[in-house]
Amino acid sequence: MKLGINGLGRIGKLSVWHHAGRGHFSELVVNIGRQVGQGLNDLAAAIERDSTYGKLGNYLHGFKAGRVIENLNEAAGTMTVNGVPLTILRQSRNPSEIRWQEHGVRLVVDTTGAFTDPTADAGLAKGSLRGHLKAGAEKVILSAPFKIKAKGLNMPDDAVTTVMGINTDDYIPTRHSLISAASCTTTCLSYMIKPLLDHFGADNFLSASMVTVHAATGSQQVLDRLPKAGASDLRKNRSTLNNIILTTTGAAKALRLVIPEMANIGFIAESVRIPTSTGSLIILVINLQDDLNSPIKRDKINAIYREYAAHSPYLVYTDEQNVSSDIIGTPFAAAIIEGTENHTRTAAIKVNLKKLGIGCLNGQPDILDVPVTQTVIYGWYDNELGSYTNMLADRTVSIAEQMV
């Protein structure tokens, strides 16, 4: 089977890296919809070199490796990458006009971030995710969360959001043609939440919140720039080199699609961008109803993650003291739990029953002491290659294997 990739930004390029090394697909067909530099040689150089991860050959084969991009044909737009044929399409930006059918592509991964609305019509002049289906693809995987722009519209029946290893089976091959692989942050967060939900149960979760301390992304500016008309987040137009930038994240909303139990738990998610190229951290805070006679301790929390990691290929537990660069490139690690920093505090929270409209119960005081344990958990993730792109590729292969 051939794999189509739309876009050659960070996730698109690193998806080429992954699949060139994995060799699962017989050919990669990459659409960029425009000319690059002086031609195919410049495009090959852009694929081969990366400021964060080094050279492709070294990534695939170690320090003794040579060049792995060969057989460039400018007229045909073809090359081989680590022996895998790769065809570059440079004509169309609109998904409905990409020549997927002509190239025998049935499965497409859209990494552009430009087409995220699963309800948008395939014939939109500006393009839409469904345009890939019109162009001949049978399945489209989105490397971002779905975003429905029109108010009041529900998720279409043929669209589903999954995180590999969390709700993989929510994808039904005979039903779903649009599959969101959520985001790097949602992927990490789901692996931080799921072990605790499985152990304690959703009924014992009183509230939860998270902050992702996130590396810079392509949506930010290298130097200060005037915002576009209608822009609401002015901070993304400030230099990513010089600033810690407060922004938003849709991780909480996407998490409910992946782990439905979270819909009944009060949850807040925030994001802070920092001046690094990759390597991010989630600080997760959960309030659990507890027992003062036998409170939850850090050792208990860490034991839960150790046990889960022993049976999951995507969760890593460590007792080492890491910094962000240490986790860059760690393969298939949705979350790397830093056990040395996890901690808990248990206390009796005073609840005023009168404010709940209950009042005294059988002569009992109006103030009720409720034992609550606040748990703080730290989870690292390589938001580009190590965590998200590798797991996106696993999701892609698993869908391909179910296509007849």
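Only the coordinates and a few stated rules stand behind these numbers; no lab work does. This one's a predicted model, so the numbers in the text were calculated from it and none came from an experiment. Backbone-built Cβ (ideal geometry, glycine too); neighbour counts: all protein chains shown.
Rounded to whole numbers, the Karplus 3J(HN,Hα) couplings from phi for region 195-202 are x, 6, 4, 4, 7, 8, x, 4 Hz, using 6.51 cos²θ - 1.76 cosθ + 1.60 with θ = phi - 60°, and x at Gly and Pro. With neighbours defined as other Cβ atoms within 10 Å of a residue's Cβ, the residues Ile301, Ile265 order from fewest to most as Ile265, Ile301.
So, R0 is 22 Å and r is the distance between the beta-carbons of Lys55 and Ala114; what FRET efficiency does that work out to, to 0.05? Don't skip to the end; give the middle numbers.
Working: r = 29 Å, r/R0 = 1.30.
It comes out at approximately 0.15.
Here the 3J(HN,Hα) profile of region 118-130, calculated from phi with Karplus coefficients 6.51, -1.76 and 1.60 at θ = phi - 60°, is x, 8, 5, 5, 5, x, 4, 4, 7, x, 7, 4, 5 Hz, Gly and Pro shown as x. Restricting the calculation to Cα atoms, the chain shows an Rg/Rh of 1.02 when the hydrodynamic-style radius is the Kirkwood one. Per-residue Karplus couplings for region 220-225, computed as 6.51 cos²θ - 1.76 cosθ + 1.60 with θ equal to phi - 60°, are listed in order as 9, 9, 5, 10, 3, 8 Hz, Gly and Pro entered as x.
For region 330-404, the Kirkwood estimate of hydrodynamic radius, built from reciprocal distances between every pair of different alpha carbons, is 16.9 Å. Shown here: region 1-116, whose C-alpha atoms stretch 43, 31, 26 Å along the first, second and third principal axes, sorted largest to smallest. Taking 7 Å steps out from each Cα toward its Cβ at Val323 and Asp224 produces label points 2.9 nm apart.
Fewest to most neighbouring Cβ within 10 Å: what's the order for Lys64, Lys253? Don't skip to the answer; put the middle values down first.
Numbers: Lys64 7, Lys253 15.
Exposure proxy ranking, most exposed first: Lys64, Lys253.
Remark on Gln221: its backbone amide H falls under 5 Å from those of Arg238, Thr240, a criterion applied only to residues 5 or more positions apart or on other chains, H modelled at 1.01 Å from N.
Could you work out the per residue convex hull volume over the alpha carbons of region 185-383, in cubic angstrom?
Values: hull volume 30.1 nm³, N = 199.
Hull volume over Cα atoms, normalised by residue count, gives 151 Å³.
Check which residues have an amide H placed less than 5 Å from Lys55's amide H, if you skip close sequence neighbours. Close amide H contacts, sequence-distant or interchain: Asp50. Using Cβ point charges alone (K and R +1, D and E -1), the dipole size of region 2-156 about the Cα centre works out to roughly 380 debye. For the peptides 44-51, 102-109, residues were scored by their other Cβ atoms within 10 Å and the scores averaged per peptide; the highest-first order is 102-109, 44-51. Under 5 Å between amide hydrogens, built in the peptide plane, is the criterion, and for Val29 it picks out Leu3, Gly4, Ile5, Thr87 among residues at least 5 positions away or on other chains. As a rough footprinting exposure proxy, the listed residues Ser387, Ser239, Ser15, Ser128 were ranked by other beta carbons within 10 Å of their own, and the order from fewest upward is Ser239, Ser128, Ser15, Ser387.
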